[in-house]
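Colleague: Dumping the structure here so I can ask a few things about it.
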Amino acid sequence: MLQNKPTTARKWALVLLTAALVLALAACGGNKDAANGGTTNTDKPTDVIATYKENGTITKANFDSFMNVNKLINPGLEQYAADPAFQQDLLKQLIAMKVLASRASDPVKAEADKQVASQLEQFKMYFGAMEGGLDEQLKKNNLQMADIEDFLKMSSYGIGGLKEKVTDDEAKKSYDDRLKAEPGAYGVATVSHILIGLTDPSDPTGQKALRTKEEALARAKEVKDKLDKGGDFAALAKEYSDDPGSKDTGGQYKDADINQWVEGFKNAAATLPIGKISDPVETEFGYHVMRVDARKTKTFDEVKDSLKSEVAEQSAYDFMEKELPGLILTNNLPQPPAPSATPTAPAEGTTTTPATPAPSK
């Protein structure tokens, strides 16, 4: 309940080879190798919509499948499907995925193959729980499980290949730089809290008002007063807290990454003196009375693997920006319309006269 809400940096999401976005597709099924960028045996020369260096080819079938899986993962993308700018974005991502996957070493591919079975099971569970089940979701989007498997392999190959090249020194620099800029960047804390919420936690929409901010603050001060007088934190959490995730466990989150929490709660978890009962801390959920029971900073060795993944993901973006444009040979998808020319303002001291209308016939 206290976690940050995801934000969107662009009007559509990029799929680009990140661990969090492995459920997109880079190929139409059939007997195509997921990493070679070739075409299926049903493709025709006239179906080719783009080519790139090293004999790479993208067919309409490849692209349509890639589009369909993106819409399966994020139905909100449907509104952009006909947008040439969006299509160009997807095409570049598709080519990037294929190129990076083809560069992965055999050990990286072997390790990635071991993970795909588990990823496929997660995919089946997630989409199987939707209306109509997995088969209906695939049919509606003109996809097969072989398509998903192809991409899962290619995605893992691509990011794994980049991650393999990240040195310990590069990862350590990333660790030090982030820690310098944000001291709590790798913070872990055991925090007990009592939330006096603004909305009814039993309401699935999260919209039903429970109390006003003024009422919540007054109730939070009441709780703090009881704690300051020696009240039992766990008992008061069970009685007062509106956080269903912790009220029955003494209000406690144990050894949690503080960066998953919303800003106000995160800052308090990072800075409160150990064992001190806080004044009410305001967040979008209401007011929290908090106590930090323990806090530490993850060591470099504890986060090295995830840091290498982050550096690899940045390398993927750098590849998209710097190297990819020089690899694309042909691109037959419609181009976005050129921006409208901005009218030139008249020079100071001059006047403009409307054009003379054409005479009527």
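Residue-by-condition table, conditions (1) closer than 30 Å to Val281 by Cβ; (2) out of contact with any Ser or Thr (no Cβ under 6 Å at 6 or more places or on another chain); (3) among the aliphatic types (A, V, I, L, M); (4) assigned by TED's automatic domain parsing to the domain that holds Phe265:
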site: Asp113; (1), (2), (3), (4): no, yes, no, no
site: Leu120; (1), (2), (3), (4): no, yes, yes, no
site: Asp135; (1), (2), (3), (4): no, yes, no, no
site: Asp169; (1), (2), (3), (4): no, yes, no, no
site: Glu182; (1), (2), (3), (4): yes, yes, no, no
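Colleague: When you go through Asp47, Asp43, Asp83, Asp64 one by one, which is the residue that is within 22 Å of Thr330 (Cβ to Cβ), at pLDDT below 50 and either buried (at least 16 other Cβ atoms within 10 Å of the Cβ) or of a type in the set (D, E, K, R) (or both)?
Modeller: None of the other options fit; the residue is Asp43.
Colleague: With the requirement that a residue be among the hydroxyl-bearing types (Ser, Thr, Tyr) and either surrounded by 18 or more Cβ atoms within 10 Å (Cβ to Cβ) or within 18 Å of Asp168 (Cβ to Cβ) (or both), what does region 302-323 give you? Working first, answer last.
Modeller: Of region 302-323, the ones among the hydroxyl-bearing types (Ser, Thr, Tyr) are 306, 309, 315, 317.
Within region 302-323, Ser306, Ser309, Ser315 meet the criteria.
Colleague: Also, I was wondering about something else. Can you tell me which of (1) surrounded by fewer than 17 Cβ atoms within 10 Å (Cβ to Cβ); (2) touching a Ser or Thr at 6+ places or on another chain (Cβ under 8 Å); (3) modelled with pLDDT under 95 is the one Ala294 doesn't meet?
Modeller: Answer for Ala294: the failing condition is (3).
Colleague: Go through region 138-155 and count every residue that is modelled with pLDDT of 90 or more, touching an Asp or Glu at 6+ places or on another chain (Cβ under 9 Å) and crowded, with 18+ Cβ neighbours inside 10 Å.
Modeller: 1
Colleague: Being over 30 Å from Leu100 (Cα atoms), at pLDDT 95 or above and exposed (fewer than 13 other Cβ atoms within 10 Å of the Cβ) is the requirement here; does Asp242 meet it? Let's see the steps before the verdict.
Modeller: Working: over 30 Å from Leu100 (Cα atoms): yes; at pLDDT 95 or above: yes; exposed (fewer than 13 other Cβ atoms within 10 Å of the Cβ): no.
So Asp242 fails the test.
Colleague: I'd like to check something: does region 52-59 contain any residue that is closer than 25 Å to Leu327 by Cα and in contact with a Phe, Trp or Tyr (Cβ under 6 Å, 6 or more places away or on another chain)?
Modeller: Scanning region 52-59 turns up no residue that is closer than 25 Å to Leu327 by Cα and in contact with a Phe, Trp or Tyr (Cβ under 6 Å, 6 or more places away or on another chain).
The values are calculated or read from the model by the stated rules, or taken from the named source; none is laboratory data. Note that the structure is a prediction, hence the values are computed from the model and not measured. FYI the Cβ positions are ideal-geometry reconstructions off the backbone, even for glycines, and counts take in every protein chain you see.
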